[in-house]
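The values are calculated or read from the model by the stated rules, or taken from the named source; none is laboratory data. These figures come from a predicted structure and were not determined experimentally. So basically every Cβ, Gly included, is an ideal-geometry build from the backbone, and we count neighbours across all protein chains shown.
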Amino acid sequence: MKGPSWPSRALARVAAFASLSLTIVLCPSTAGAQVNAETLRTTLKKNPRFLWLEGSLVGRAGNTETMTFSGSVFGGLTADPHLFFSRVSADYGEARGQTNVARWMAHARYNYKLSPFVALEALTQVQHDRFRRLAVRDLYGTGLRFMLLNIDDFEIFTGTTYLLEHEVLDAIPGSPVYNNVWHRSSNYAGVNIQVSSLVDASTVMYLQPRFDRPLDFRMLSDSFVLFTITPLLSARISATFWYDNRPPAGVRTYDVEVKNSLVLKL
């Protein structure tokens, strides 16, 4: 079957990039219940084995005294039909001697391709976030990923995963320590696009309701644009929107974050 014409593909890329850019400007956010690992998956198409180091450090002194740090390590390998990748990240921020960001996360995922359109998926994740009262949250999941459209460097994908979630919440005055186990459905859809040889972009939306209480759900919208500077160095702009319909006591229902960072590709 003959695919769409070149003008149609170009128009689709421009439209998707414009939509993604608008998403980044209007709907930024922080990492949520699950990490967006699409940047790793698309990179594995061109590099069967790779390691990325990403980081940013900002310090201010004088009238404004702040320090913020974020860093992550991405790695992956593929040998068709197998694909594996992982990410470890940490964020820390301090303003006038007061810590205002303190979190870390480790995520690993394995795919087994059943066909060009369907893959089995398994994942595990552990995270800590002081300001969401997360002493620790660990996830274990398995499900299916579907490739709905794959034309040159333009992809539309979706998937569904069963998640076993173990969560330990830090205590606050008037609220005890909680140690819970939940069963969730993680459903996602998104777009990967290579806008040009120097610009890659991705956006994905997750919806994660509890099986026994569907109104207890989380949402994560994560988008990024990656600009290649040299074969070893890139600049990355990412934006995330996280929403929890039933957050722990003392925690807001949403978080928003926009992050600029440099990526070293090894």
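Overview of values
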{"item": "Selection from segment 54-86 of residues that are in contact with a helix residue (DSSP H, G or I) (Cβ under 7 Å, 6 or more places away or on another chain) and not hydroxyl-bearing (Ser, Thr, Tyr)", "result": "Phe74, Gly76, Leu83, Phe85"}
{"item": "Segments classed as strands (runs of 3 or more DSSP E), wholly inside segment 163-233, with at least 2 members that are of a type in the set (Phe, Trp, Tyr)", "result": "178-196, 217-228"}
{"item": "Selection status of Ser238, closer than 23 Å to Asn187 by Cα, touching a Gly at 6+ places or on another chain (Cβ under 9 Å) and buried (at least 20 other Cβ atoms within 10 Å of the Cβ)", "result": "no"}
{"item": "Ala119 among the hydrophobic types (A, V, I, L, M, F, W, C), part of a strand (DSSP E or B), within 13 Å of the chain's Cα centre (by Cα) and surrounded by 16 or more Cβ atoms within 10 Å (Cβ to Cβ)", "result": "no"}
{"item": "Conditions (1) buried (at least 17 other Cβ atoms within 10 Å of the Cβ); (2) modelled with pLDDT of 90 or more; (3) not charged (D, E, K, R): number failed by Val126", "result": "(1)"}
